[in-house]
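The structure appears right after this line, and notes come after that.
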């Protein structure tokens, strides 16, 4: 996919973006900057399956915020304030996402000039205050009782009802994007896979696609098949894992332990393909690392067996009346809200957003071959669970189809020693959480000067906070699990 | 001499049965999930481990927090002595139905005070949940016992459980209804499924576990043991009711009765294990509905008892 870079005036950008988003099938991919002296906006067109990049030069470290008119820009603008010190003027809730109080006030990791315009004490964080009779505040985290990643949840409740929820992230910020721009691009893939390791295959694939996009490299057909195979197996494993979590959260132990065992079986399939249960080191720019040819018949049998074993478990899970009672109408996200926040992945499709990157953008065998898209309209916990179930079964059939049609030939092509100078590469992959974007810029010597990652969770975190409103406090964990968002993918 | 044996058996039961019942529930759950599970005596090892650990106390606590677990423990011990949950109990003073129910309420009140004293956000909301549940479930337990009281014409549980009256079809029916009501309300009382999930790590969904979140070390061991003993008393009482529904039960010798007594207790524990593997935790709004079913069981038992009294 070729990306055109269109220069656009920063002031005109706002109107242009509003009218872009008003057209059906047009989406906002990512708003970021390269070195703090410009804003780049990635626009996706899912009717033509193209991407456009707008570049607006900035003369100072402030610009007027898009957020009052384009809700989904709010989180990206906050992150840009963190990383580049670019202040969005009139942003309704400007706070730091990633750099908390202990960081130096002048630090702007991706802007060589450092923080210029921010006032003293700008790192101080203030939760939204809810006042009134009977308001009860529950702070939860950042360290949780289960083995999960850190995030702070601040509930303001009226009795057992959640009135407002504020989510604070950034506790596992490791400076991944900055490190990626510093290191040799041939080694980036190892860091990329480790950045959000439950999506290792998706991250590695997006990275490979982005670099191949820059180098204008065609990947052998067999490698494309194996890459899609990896991505679908990862999806199967994670969807089973999320369903396990849903069952455990409502105390349905029989189902959660059965599904937990079947997740192990799907990780075994990953092991058969790549020699690693989490696809570490399998996908690389140019193709894949190893050819699992002699193990593919075993894999096909494993996929069939898994599908057969899953069906009765899922059936007795979702047919249970009390399960329905817990999940239906819990954590509802309306279609309008899903559109405004640009929801992606399972959460988006549960609220009638017909968007699956596998149907639009090239990566692996997609979009030539693709599974059916699952779609639901109610946007509650049950719809999100159902989407996972349908995708899971679809993916297993798709794995079977990929194995049937596995072409012969080489599994990789050699990559050039240097990348073209001043080029842009884009990789869009539908991971198990949704649309993952890797955007890579090279400098005058063909080295990577900026590596931007948009994890699917970035679109969805705020929607979780809003979905929790007017629900029972004791239903929040269920709601949270139904979104199943990544902390490390967001914090990077 | 027999009374000495009774005391020995009773004290052994108080010390060992709570651990065994808890272990049985855990083992059943593990086996039903195809796991081997911890050894049957694991709860005992856990208590020993806790007793050797240091204790962390919040700076905002006053003495109520430590006092509460001691009061609860003492209160449950008294209940173990008074309540007829075992057939081989030593002599005890009159066990009035109303006194028993409010001794349970006393234990609840001190647990609530302790959790409020800890000053954590979880402690306060779980205390409010526990208070709500207590309010709802108290009439169910009380009415189940009152039904027995009406039928046997006494409010003293020693008389009710004395095995002196002749067993009839109606008495069996009342014993079963009362036993079911006591068993199901004990699930609420003890914060077990389907009302509360004792194995969850999710603080926001907890009731009992969130109340004792701030307890640690020996204090926690005391609370855990008191809770397990309370479980034994309530399950034991329910199994006693079920056993008395067997017409020939009063003709068995004391050893058979004691054996059935303990088997019934462990049987209920296994049933709880089964229940907790197969049921889904109810939504908080549906819990009153569940308690309403228990209350109707108690009401059926009471009305039957009153009706029979009127016919006599």
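Scattering from the C-alpha atoms of chain B alone, worked out with Debye: what is log10 I(q)/I(0) at q = 0.12, 0.15 1/Å?
At q = 0.12, 0.15 Å⁻¹ the computed log10 ratios are -0.81, -1.28.
Below 8 Å between Cα atoms, with a sequence gap of 6+, how large is the relative contact order for region B:2-311 in percent?
30 percent.
Taking a ≥ b ≥ c as the square roots of the eigenvalues of the Cα gyration tensor of chain A, is the shape rounded (a/c under 1.5), prolate (a/b larger than b/c) or oblate?
oblate
Pick from B:53, B:27, B:89 the residue whose mean-square fluctuation is largest in a GNM of chain B, springs joining Cα atoms under 10 Å.
Checking each option, the largest mean-square fluctuation is seen for B:53.
Out of every Cα-Cα pair in region A:1-160, what percent are more than 18 Å apart?
66 percent
Run the helix sum for chain A: -39,500 (n - 2.57) per DSSP H stretch of 4+ residues, divided by residue count, reported at 222 nm to the nearest 500 deg cm²/dmol.
Only helices count here, giving -12500 deg cm²/dmol.
How high is the relative contact order of chain A, in percent, counting Cα pairs under 8 Å that sit 6 or more residues apart?
18 percent
So how tilted is helix B:2-32 from the main axis of chain B? Cα-based, degrees 0 to 90, rounded to 10.
60 degrees
Can you give the mean number of other chain Cβ atoms that lie within 10 Å of the Cβ atoms in peptide A:317-327?
So the per-residue partner count for this stretch is 2.
When you look at the Cβ of every residue in B:201-209, what mean number of other chain Cβ atoms sits within 10 Å?
Other-chain Cβ atoms within 10 Å of each residue's Cβ, averaged: 6.
Calculate how steeply helix B:121-152 sits against the longest principal axis of the alpha-carbon atoms of chain B, using the helix alpha-carbon long axis, and give the answer as 0 to 90 degrees to the nearest 10.
10 degrees
Ordered by packing density, taken as the mean number of other Cβ atoms within 10 Å over each peptide's residues, highest first, how do A:74-80, A:307-313 rank?
Ranking, from highest mean packing down: A:74-80, A:307-313.
Efficiency by 1/(1 + (r/R0)^6): what FRET value for residue A:120 and residue A:311, r their Cβ-Cβ distance, R0 = 60 Å, to the nearest 0.05?
0.50
Which whole-number percentage describes the relative contact order of region B:4-128, with Cα contacts under 8 Å and a sequence gap of 6 or more?
It rounds to 28 percent for region B:4-128.
Rounded, prolate or oblate: which one fits region B:53-148, using the alpha carbon gyration tensor with axes a ≥ b ≥ c (rounded when a/c is under 1.5, else prolate when a/b beats b/c, else oblate)?
Oblate, since a/c reaches 1.5 and b/c is not below a/b.
Can you give me the Cα centroid spacing of region B:253-312 and region B:62-113 in angstrom?
21 Å
Going by Cα centres, region B:122-179 and region A:41-99 are how many Å apart?
Distance between centres, Cα-based: 65 Å.
Among rounded, prolate and oblate, which fits region A:377-441 when a ≥ b ≥ c are the square roots of the eigenvalues of its C-alpha gyration tensor, a/c under 1.5 means rounded, and a/b larger than b/c means prolate?
oblate
Between 0 and 90 degrees, rounded to the nearest ten: what's the tilt of helix B:97-117 against the longest Cα principal axis of chain B?
Its long axis makes an angle of about 10 degrees.
Coordinate-derived values only; no laboratory data. All of these numbers come straight from a predicted model, not from anything done at the bench. Neighbour counts run over all protein chains shown; Cβ positions are idealised from the backbone, glycine included.
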